[in-house]
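The values are calculated or read from the model by the stated rules, or taken from the named source; none is laboratory data. Keep in mind the model is a prediction, meaning the values are calculated, not measured. Neighbour counts are summed over all protein chains in view; Cβ atoms, including those assigned to glycine, are modelled from backbone coordinates with ideal geometry. Calculation scope for accessible area: heavy atoms of the full protein, side chains included, ligands and nucleic acids excluded. Shrake-Rupley method; radii C 1.70, N 1.55, O 1.52, S 1.80 Å.
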Amino acid sequence: MADGRVAVKVWDGWIRLVHWGIVALFAFSWWSAWTYRMDWHLRSGLAMLALLLFRLAWGVLGSETARFTRFLRSPLAALRHLSHLGRREADMEVGHNAAGGWMVLAMLLLLLVQVGTGLMADDQVLTHGPLAPHVAPETSDLATAIHATNFWLILVLAGLHVLAVFAYALLKGQDLVRPMVTGVKRLPAAMAGRAPRLGSPALGAVLLAAAAVAAWWIGRLG
């Protein structure tokens, strides 16, 4: 506390698991598609589905900093926050900042589109998603096209996310990566009493297990 800052636990292990798990699975999904290992591509997509289903549930029932009602603020608040991007200042955010909250929501939506369309996709050559036999061919064709295009939108958004992390480090002097690894932020001592309520580890385990079972069941439909 010599620098007037204290360590505050802001990210639970479940949020960090989802964050880095999605990063790893997205990279693996790209690699498996690029190398035509479509069986592994399907498994990766189902694992991604499990993480996304869990994240949606945890965004309602989980830790304060994970809840959508906590970190989603008005678009005007996000714009005001971005207008101060060049101002070097201490990190005062317990969880996501106003702009980061919208980035999280946009990324989750694009990933849900990617997984959902992948479940219905059929490339007519190598493989098809587990829901493809259960939808009209026209729907499957549309899903396949969206799946291919949406991949690039995710890459663009991921690139913006990485640029934002560098911008916060260089312009504001704020490290956004370390807290997502350790779960801990160093915040001004005056904020020590504002540590967020963290969700139950047992509840997280139950929700993740339920999400995994749901993804497995969907995978069996094909």
Q: Please state which one of Thr144, Thr117, Thr149, Thr139 is surrounded by fewer than 18 Cβ atoms within 10 Å (Cβ to Cβ) and under 20 Å from Trp34 (Cβ atoms).
A: Thr149
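Of these, Ser29, Ser74, Ser44, Ser83, which one is of a type in the set (Ser, Thr, Tyr) and within 22 Å of Leu207 (Cα to Cα)? Spell out how you get there, then give the answer.
Numbers: Ser29 fails: within 22 Å of Leu207 (Cα to Cα); Ser74 fails: within 22 Å of Leu207 (Cα to Cα); Ser83 fails: within 22 Å of Leu207 (Cα to Cα).
None of the others qualify; the one that does is Ser44.
Please verify whether Ala215 is among the aliphatic types (A, V, I, L, M), out of contact with any strand residue (DSSP E or B) (no Cβ under 8 Å at 6 or more places or on another chain) and more than 29 Å from Thr35 (Cβ to Cβ), treating the condition exactly as stated. Steps first, please.
Numbers: among the aliphatic types (A, V, I, L, M): yes; out of contact with any strand residue (DSSP E or B) (no Cβ under 8 Å at 6 or more places or on another chain): yes; more than 29 Å from Thr35 (Cβ to Cβ): no.
No: the conditions fail for Ala215.
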**Q.** Whichever residue in segment 27-45 is in contact (Cβ under 8 Å) with a residue 60 or more places away in the chain and farther than 16 Å from Leu119 by Cβ and, among such residues, is surrounded by the fewest Cβ atoms within 10 Å (Cβ to Cβ)
**A.** Tyr36
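Let's see how each residue does on (1) surrounded by fewer than 19 Cβ atoms within 10 Å (Cβ to Cβ); (2) of a type in the set (Lys, Arg); (3) over 23 Å from Leu198 (Cβ atoms):
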residue: Gly62; (1), (2), (3): no, no, no
residue: Phe68; (1), (2), (3): yes, no, no
residue: Arg73; (1), (2), (3): yes, yes, no
residue: Leu79; (1), (2), (3): yes, no, yes
residue: Leu85; (1), (2), (3): yes, no, yes
residue: Gly95; (1), (2), (3): no, no, no
residue: Met103; (1), (2), (3): yes, no, no
residue: Val113; (1), (2), (3): yes, no, yes
**Q.** Which listed residue is buried (at least 16 other Cβ atoms within 10 Å of the Cβ) and within 17 Å of Trp20 (Cα to Cα), from Gly204, Gly219, Gly159
**A.** Gly204
Q: Mind telling me which of the residues Val18, Val23 ends up being open to solvent by 60 Å² or more (accessible area, probe 1.4 Å), in a helix (DSSP H, G or I) and modelled with pLDDT of 95 or more?
A: Val23
Q.
Return the residues of segment 128-166 that are touching a residue at least 24 places away in the same chain (Cβ under 8 Å), of a type in the set (Val, Ile, Thr) and out of contact with any helix residue (DSSP H, G or I) (no Cβ under 7 Å at 6 or more places or on another chain); say none if nothing qualifies.
A. Thr144
Q) If you check every pair at least six apart or on different chains, which have Cβ atoms under 7 Å apart with a residue in segment 185-200 that is assigned to a helix (DSSP H, G or I) first and a residue that is surrounded by 15 or more Cβ atoms within 10 Å (Cβ to Cβ) second? A) Ala189/Arg5; Ala189/Val6; Met191/Val8; Ala192/Val6; Ala192/Val8; Arg194/Val94
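Would you be able to say whether some residue in segment 121-128 is among the small types (Gly, Ala, Ser), under 23 Å from Trp14 (Cα atoms) and either open to solvent by less than 80 Å² (accessible area, probe 1.4 Å) or part of a helix (DSSP H, G or I) (or both)? Walk me through how you get there before you give the answer.
First pass over segment 121-128, keeping only residues among the small types (Gly, Ala, Ser): 121.
If we keep only those that are under 23 Å from Trp14 (Cα atoms) as well, we get none.
No: zero hits.
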Q. Is it the case that segment 65-85 has a residue that's over 19 Å from Met107 (Cα atoms), in a loop (DSSP other than H, G, I, E, B) and either out of contact with any Gly (no Cβ under 7 Å at 6 or more places or on another chain) or modelled with pLDDT under 95 (or both)?
A. yes
